[in-house]
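K.L.:
There's a structure below that I have some questions on.
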Amino acid sequence: SVKDLADLSPSSTRDQKVVLLPCRTPPSRERVQLWLQAKKQFECLQ
Amino acid sequence: MMTTLTRQDLNFGQVVADILCEFLEVAIHLILYVREVYPSGIFQKRKKYNVPVQMSCHPELNQYIQDTLHCVKPLIEKNEAEKVVVVIMDKEHHPVERFVFEISQPPLLSISSETLLSHVEQLLRAVILKISVCDAVLENNPPGCTFTVLVHTREAATRNMEKVQVIKDFPWIVADEQEVHMTEPRLIPLKTMTSDIVKMQLYVEERAQKAS
């Protein structure tokens, strides 16, 4: 289950392997696509 | 001039971490381009390691990749990042591909400082070239994929990340089984590099049935 890094016991005697991932997610493809369209429109207006 | 350095020497870990994080940044941009996670229009051709690569010009995506690597850096500095994995996930957030960078650093070095950097650059260039053509050996991904970065480390090492995550407001959590596990993946070795300062193995784990 998901747990915060702060929950990991610093005094743990068994130094177990862990796999970490960021809480934040990267921008979605749709969001990036919208940005790209807006950028192209802006460049056309220049 | 031959210089013998140990991992405890001042700045040595930092140098390795700088080199690897710079490389991982280029590699992540290239993976996202080659595997079509984002529209090709956001990528621009640049020259890194003396070869052309594709780098995103989307500010939010670039910042995300930088923040991610900023948090990973203290682990690499202390030789505590066993693997850095770029995971491409389908719409249901199940992994379809995992680009695994398996990293190990030798404890004792005997290096010639003049040749060191150019040799490492040559090796990293070869890894980049392998990534740029990896689509030839991989199946197409389903539409609507996204990505994340996983770090395989040890519980005690996570304390090295805590300060950085707070500063960057970029918290990390322990991954659950869904993010890590892939059923019977196809293993595709891409490149192994061995230098005086770092050994790295890059392979891809590809899900057998990509269409969900």
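The values are calculated or read from the model by the stated rules, or taken from the named source; none is laboratory data. None of the values given here were measured: they were computed from a predicted structure. So basically every Cβ, Gly included, is an ideal-geometry build from the backbone, and we count neighbours across all protein chains shown. Calculation scope for accessible area: heavy atoms of the full protein, side chains included, ligands and nucleic acids excluded. Shrake-Rupley method; radii C 1.70, N 1.55, O 1.52, S 1.80 Å.
K.L.:
Work through the residues other than B:Gln54 whose Cβ is under 14 Å from its Cβ and net out their charges, Lys, Arg +1 and Asp, Glu -1. Provide the component values of the computation, followed by the final result.
P.N.:
Values: positive: B:Arg35, B:Lys45, B:Arg46, B:Lys47, B:Lys48; negative: B:Glu25, B:Glu36, B:Asp135.
Neighbour charge sum, excluding B:Gln54 itself: +2.
K.L.:
Turning to a different aspect of this structure: Accessible area of the protein assembly as shown with a 1.4 Å probe: how many percent of it is carbon plus sulfur?
P.N.:
51
K.L.:
How far is helix B:113-132 tilted, in degrees, relative to the longest principal axis of the Cα atoms in chain B, given as a value from 0 to 90 rounded to the nearest 10?
P.N.:
Between the helix axis and the principal axis of chain B, the angle is about 10 degrees.
K.L.:
Accessible area per residue of chain B at 1.4 Å probe, in Å²?
P.N.:
Values: 9900 Å² over 212 residues.
Heavy-atom SASA per residue in chain B reads 47 Å².
K.L.:
Round to a whole angstrom and tell me the spacing of the C-alpha centers of segment B:11-44 and segment B:139-197.
P.N.:
14
K.L.:
Now for a different question. Could you pull out every one of the lysines with an alpha carbon less than 20 Å from that of B:Lys130, ignoring same-chain neighbours closer than 8 positions?
P.N.:
Cross-link targets: B:Lys45, B:Lys47, B:Lys48, B:Lys83, B:Lys191, B:Lys199.
K.L.:
Report, in deg cm²/dmol and to the nearest 500, the calculated mean residue ellipticity at 222 nm for the protein assembly as shown, where each DSSP H run with n ≥ 4 adds -39500 (n - 2.57) and the sum is divided by the residue count.
P.N.:
On the way: 6 runs with 93 residues, N = 258.
The helix contribution divided over the protein assembly as shown gives -12000 deg cm²/dmol.
K.L.:
Now a separate question. Below 8 Å between Cα atoms, with a sequence gap of 6+, how large is the relative contact order for chain B in percent? Can you show the working numbers first?
P.N.:
Numbers: 337 pairs, mean separation 59.1, N = 212.
The normalised contact order for chain B reaches 28 percent.
K.L.:
Report the calculated FRET efficiency for B:His70 and B:Asp176 (r = Cβ-Cβ distance, R0 = 25 Å), to the nearest 0.05. Please report the intermediate quantities before stating the final value.
P.N.:
Values: r = 24 Å, r/R0 = 0.95.
The pair B:His70/B:Asp176 has a calculated efficiency of 0.55.
K.L.:
Once A and B are treated as a pair rather than alone, how much accessible area drops out, both sides summed, in Å² to 100, probe 1.4 Å?
P.N.:
On the way: alone 5370 and 11600 Å², together 13390 Å².
Heavy-atom accessible area buried at this interface is about 3600 Å².
K.L.:
Next question. How big is segment B:159-212 in terms of Cα radius of gyration and Dmax, in angstroms?
P.N.:
For segment B:159-212, the Cα radius of gyration and maximum Cα-Cα distance read 16.6, 43 Å.
K.L.:
Leaving ligands and nucleic acids out of the surface, order B:Ile19, B:Ile28, B:Ile167 by accessible area at 1.4 Å, largest first.
P.N.:
Putting B:Ile19, B:Ile28, B:Ile167 in descending order of accessible area: B:Ile167, B:Ile19, B:Ile28.
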